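A short write-up of the structure that comes next.
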Amino acid sequence: MQMRSGRHLPAQQSALAFLVAAAFVVLFVVLSSTPGYAIPAFARKYGLPCSACHEAWPKLNSFGQNFKDQGYQLNNDRDSPIWLNPSYWPVAMRITPHWHYESLGHQSVDSGDGTVEQTIKTSGFDLTGIDILAAGTLAKNVSFLLVPSIDGVAGTVGFESANIRLDNIKGSPWLNLKFGKFELDGPLSEKRMMSFSNTGGAYQLYHYVPAGDINDFTVGENQLGVELMGHSLDDHTRYAASLISSTDGSLGLPGGRSYDGFVHLSQGFMAGKLGLQRVGVYGVTGLRPTYSLTSGGEPIPGTGRGNKSFYRAGGYGNLYVGKFDLAGVYQHASDNVFLANGTPANGELPEGAQGATWNIGTFEGHYLYSPKHFILGRYELVRMSRQPLSDLPSDYGNIDVFTAGYRFYPFINSRAGFAWHIEFSTLKAVKTADSGADQRSNSFFTGFDFAF
Amino acid sequence: MMKRRMICLSILLIAATAGSALAQNAGVSSGYPTPKNGFSPAEQRGHGLYLRYCVLCHGVFGDGNGDNAPFLDPRPRDFTAATFKCRSTPTGTLPLDSDLIGTLVRGVQATNMPSWRPLTDENRQDLVAYIKTFSERWKTEKPGDAIKIPPETPVSIESIRRGHELFQKMECWKCHGQQGRGDGPSASTLTDSKDQPIRPYNFAMARNDSRFKCGSENQDLYRIFMTGVDGTPMPSFADVMQPNDAWDLVHYLRTLQTERRSKENEVLKAAGGAATLKSSENKSENNSAADSNGKTHSGGH
Amino acid sequence: MRTKQMLVALLTLLVCPCLLFAGTVSGKVSYTGTPAKPKPIDMSKEPSCAKQHATPITTETVVAGANNALANVVVYISAGAPDEGQVPQQAVTFEQKGCQYIPHVLVMHTGQELKVLNSDQTSHNIHPLAKTNREWNKSQPPGTPPISEKYDKEEFITVKCNVHPWMRGYFAVLKTSHYDVSKDDGGFKLPNLPPGKYTITAWHEDYGTQTSDVTITGNETKDVTFTFKAKAY
């Protein structure tokens, strides 16, 4: 099937391929260090078992989603912190010690004068990063979330989340204002993802950009900004609109001088005995600078110039059939030609340059045999519809990822969460090797996920 | 290639969906092992939901002795007693399913019982079916007939005044206090049927979004004192109050919620405020002291 | 009271000659040890009741008479009773007077009509804390007609008035009409027992139950005594 060998690829493209690989590695390191949210502090506060709010933690059920949408409140007059024992501290932690096996196919390796491609395999014991989850209410209808995250690999402490939320403004569930750093209200929560491995631990849906694209925006990363969110009392109708800094959640001076906008609308409805189904649409658009002012050749922070646009738009359905649920998301993405080719807006575009567009489908199925046994299957496919360079093969950079996992929760109480996690994920990226071959990555991950 | 894969995937998904739908119909939807024989499918599903949502407070045996129970005030309901606070049925009778479902939807104000509104209607029906397995009374007795609530009478200052007289005559103030602050002479001594201390409702605390334990509307208030709140000191007044009197009392009780916007408060304010009721308060106290027959206002209007 | 019982016995004899050879169980209930002292009740919060009592009344948890006699003990046939299922037609009456329950312990047959009277100038709420029977709770303002109720299952039920926390009484719902409540001298009498084997049970609200087996062979009087161990607190 291979149309060309890598040797015929232009040098630029080879470099791009490397960039893609590097980007993936960085992405996975970052993402696998953030296991996400399941907050036993709430279970302790309200005395509810994890299973009351989580279908299987960290995935929320409709009751948990409603609890979150109400500002971590049950609205039974016991939400204010005054009801708590003074020694209660709303802090929980989560980490996942694990063993994993990784295999990366068609990696360029130096050999004598040239390079050869080979599969790199490794395995070993490891830790995810630790999430310190502090969340609760400061007063009735004033809630907060603070998630300092320690990344053991980079040795850094980050602020995964830090936000304050004014809930039920004017007594209406339709008006809630969140301010700070928070996860965008997307169709699937990456912070509550049920897979952790290097290959399957992040949504392509949220992170994929073509090779060489310098747009750093991701729906999955927590963003800095303000969110207006509202919902009906039973949570069947939900909306969220966010205005966010164009920094993809990074602290410090913004690169550009623009803001991104995100909207999400969804509607749940009862389908007879099948239960609650949900459909929704979402979109995000923004600008990214393509170059900075420089001083002595060095870029000056906060001086991004040459803004170029991008957007992501999608629709989804979330179907529940008894113990089985399936989420299907379709998303169309478009990046401006300057972003897609990594070219400054005041520079010269390479020949054949064009705006990149691509489509992503994500199908995630869960089978909850009981609250103790959770089975995951996910299939994601990325299909380029317009390459950033017209002479690239039309399927260059296409991706297929399949992830399967199982989680076992031996006990469920209101104090802590504990799960044995096992997962396998395999990814194929089309023609991304230097040789032009398809690259396959496999991950096997097993470990103990706990939060307390 | 791609197309073929998508078709494969679709077939797989459909097969999986159909499989789980069949499993659902087999009556094991919650996925829990069967705890005891003889459960109906609804009870079986309710059992799974109960373990997921309710068990830590209400306990495995439904006796209100879950792990959290010692830390909760008021204590969780004991389903083995089959005594329920919020009923549309007379005191001492079992509630209707719709009463229990209503409690699940609302939650119970000023307790740790949250609103289970996000669950589906079927979930709630299943939970109610399961909760009813905890007491034999559900097998030997039928729920009572819902009390009839006639249409509300118009809110008027006369109605509020008559309601105020009833508040005196029925001695609501013994527990709830003259201002409805829950500070009547007997308030500090009250215990529920499990000998746990319990406070009378404080009307003055109410704000615009306040609810009662068993609802938030005028007809909920009517229902609460006519059926009583079983398991608590709050008795039923159904035998001693005519429907029109009851509406008068509802209208007066609303004026005790001084911080809450209501028609009743507007009418009272237009008529000169709570002070205009004071004269009748003295009169009624004098009456009851002087006239030992305690001539009652019997709603013949 | 005794003459009334004699009359009833006479009538029964006239109606049913088969009871001609009827035995009687009689005896006395007493206690050993030192019972808790009755506590005076403060009714100052309810002046209309307080003024009915020249001297403050005391709690009736333990009503002790001379020679260690124990009153308010329900003595009844718990097994072998000849008339299970025969529900007396006349109602029993439980009166609220002077913020006290009269009688303190009221015995009734399952299914027998119970009438609750309020003779006071204040509202009472009558709240029998039934467990196996239905728990109800009704308000009874002064001048309202008697409340009529009945109980279907055997049970000893604590009765409270939540408005007047000192008020406490008991319903003993039995499946027999062969019962008596011990008097101030501790005496009780269960007449008109045809020959047979019986289990006699004595129930006291604080001291619990005791049983005794009795066999009646003919026209005789068997003496049974019950002795409860007093709790000092």
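Total residues in the range A:361-373 satisfying the condition of being assigned to a strand (DSSP E or B) and either at the interface with chain B (Cβ under 9 Å from one of its Cβ atoms) or modelled with pLDDT under 95 (or both): the figure is 8.
For A:Ser232, the conditions (1) surrounded by fewer than 19 Cβ atoms within 10 Å (Cβ to Cβ); (2) touching a helix residue (DSSP H, G or I) at 6+ places or on another chain (Cβ under 7 Å) all hold with the exception of (2). Number of residues in the range A:191-225 that are without any contact (Cβ under 8 Å) to a residue 40 or more places away in the chain and assigned to a loop (DSSP other than H, G, I, E, B): the value is 2.
Taking the criterion of being assigned to a loop (DSSP other than H, G, I, E, B), more than 10 Å from every other protein chain (Cβ to nearest Cβ) and within 22 Å of B:Thr83 (Cα to Cα), the residues of the range B:181-202 that qualify are B:Gln196, B:Arg199, B:Tyr201.
How many residues are over 23 Å from the mean Cα position of the chain (by Cα) and in a loop (DSSP other than H, G, I, E, B) if we restrict to the range A:376-405? The number of residues fulfilling the criteria is 9.
Here's the yes/no breakdown for (1) surrounded by fewer than 15 Cβ atoms within 10 Å (Cβ to Cβ); (2) assigned to a loop (DSSP other than H, G, I, E, B); (3) among the aliphatic types (A, V, I, L, M); (4) on the phi < 0 side of the Ramachandran plot:
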{"site": "C:Asn67", "(1), (2), (3), (4)": "yes, no, no, no"}
{"site": "C:Ile77", "(1), (2), (3), (4)": "no, no, yes, yes"}
{"site": "C:Gln86", "(1), (2), (3), (4)": "yes, yes, no, yes"}
{"site": "C:Gln90", "(1), (2), (3), (4)": "yes, yes, no, yes"}
{"site": "C:Gln96", "(1), (2), (3), (4)": "no, no, no, yes"}
{"site": "C:Tyr101", "(1), (2), (3), (4)": "no, no, no, yes"}
{"site": "C:Leu106", "(1), (2), (3), (4)": "no, no, yes, yes"}
{"site": "C:Gly111", "(1), (2), (3), (4)": "no, yes, no, no"}
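A single member of B:Val108, B:Val155 is among the aliphatic types (A, V, I, L, M), within 20 Å of B:Gly66 (Cβ to Cβ) and buried (at least 19 other Cβ atoms within 10 Å of the Cβ), and it is B:Val108. The residue that is farthest from the chain's Cα centre (by Cα), counting only those in the range C:146-165 that are under 16 Å from C:Thr59 (Cα atoms) and surrounded by fewer than 18 Cβ atoms within 10 Å (Cβ to Cβ), is C:Pro165. Restricting attention to the range B:50-70, the residues that are part of a helix (DSSP H, G or I), in contact (Cβ under 8 Å) with a residue 40 or more places away in the chain and within 10 Å of chain A (Cβ to nearest Cβ) total 2.
For the range C:115-145, the candidate set comprises residues that are more than 10 Å from every other protein chain (Cβ to nearest Cβ) and surrounded by fewer than 20 Cβ atoms within 10 Å (Cβ to Cβ); within that set, the residue that is nearest to the chain's Cα centre (by Cα) is C:Lys115. Residue count for the range B:121-175 satisfying the condition of being in contact with a Gly (Cβ under 6 Å, 6 or more places away or on another chain) and closer than 18 Å to B:Ser40 by Cβ: 5.
Here C:Ala202 does not fit the description of being away from chain B (no Cβ under 14 Å), on the phi < 0 side of the Ramachandran plot and surrounded by fewer than 22 Cβ atoms within 10 Å (Cβ to Cβ).
Residue under question is A:Gly328, and the condition is that it be modelled with pLDDT of 95 or more and within 14 Å of another protein chain (Cβ to nearest Cβ); does it hold? Yes; evaluated as a whole, the condition is true for this residue. In the range B:211-252, the residue that is farthest from the other protein chains (Cβ to nearest Cβ) out of those that are assigned to a loop (DSSP other than H, G, I, E, B) and of a type in the set (D, E, K, R) is B:Glu217.
If you go through the range A:278-304 and keep only what is among the aliphatic types (A, V, I, L, M) and either part of a loop (DSSP other than H, G, I, E, B) or touching a Phe, Trp or Tyr at 6+ places or on another chain (Cβ under 9 Å) (or both), you end up with A:Val279, A:Val281, A:Val284, A:Leu287.
Within the range A:298-321, restricting attention to residues that are more than 20 Å from A:Pro210 (Cα to Cα) and under 23 Å from the mean Cα position of the chain (by Cα), the residue that is surrounded by the fewest Cβ atoms within 10 Å (Cβ to Cβ) is A:Gly317. Within the range A:436-452, being crowded, with 22+ Cβ neighbours inside 10 Å and outside any strand (DSSP E or B) holds for one residue alone: A:Gly436. Look through the range A:339-350, keep the residues that are touching a residue at least 24 places away in the same chain (Cβ under 8 Å) and of a type outside the set (A, V, I, L, M), and return whichever of them is farthest from the other protein chains (Cβ to nearest Cβ). Only one residue tops the list, namely A:Asn346.
Whether a residue is assigned to a strand (DSSP E or B), assigned by TED's automatic domain parsing to the domain that holds C:Thr32, surrounded by fewer than 18 Cβ atoms within 10 Å (Cβ to Cβ) and without any contact (Cβ under 8 Å) to a residue 12 or more places away in the chain was assessed, and C:Thr225 does not pass this test. Of all residues in the range A:140-155, those that are at negative phi and of a type in the set (Phe, Trp, Tyr) have Cβ atoms under 8 Å from Cβ atoms of residues that are crowded, with 17+ Cβ neighbours inside 10 Å and modelled with pLDDT under 95, 6 or more apart or on another chain, in A:Phe144/A:Ala134; A:Phe144/A:Ala135; A:Phe144/A:Gly136; A:Phe144/A:Thr137. Just one of the listed residues (C:Asn219, C:Asn133) is in a loop (DSSP other than H, G, I, E, B) and outside the structural domain of C:Thr34 (by TED's automatic domain parsing), and it is C:Asn133.
Of the residues B:Pro95, B:Pro76, the single one that is buried (at least 22 other Cβ atoms within 10 Å of the Cβ), within 14 Å of chain C (Cβ to nearest Cβ), touching a Cys at 6+ places or on another chain (Cβ under 8 Å) and at pLDDT 90 or above is B:Pro95.
When A:Phe363, A:Phe374, A:Phe324 are checked against the criterion of being of a type in the set (A, V, I, L, M, F, W, C), under 21 Å from A:Ala429 (Cβ atoms) and crowded, with 18+ Cβ neighbours inside 10 Å, a single residue qualifies: A:Phe363. B:Asp126 passes every criterion in (1) within 14 Å of chain C (Cβ to nearest Cβ); (2) crowded, with 19+ Cβ neighbours inside 10 Å apart from (1).
Does at least one position in the range C:96-107 carry a residue that is of a type in the set (Phe, Trp, Tyr) and within 14 Å of chain B (Cβ to nearest Cβ)? There is no residue in the range C:96-107 that is of a type in the set (Phe, Trp, Tyr) and within 14 Å of chain B (Cβ to nearest Cβ).
The values are calculated or read from the model by the stated rules, or taken from the named source; none is laboratory data. What you are looking at is a predicted structure, and each value in this text was computed from that prediction instead of being measured. Because the Cβ atoms are built from the backbone with ideal geometry, glycine has one as well, and the counts that use them run over all protein chains shown.
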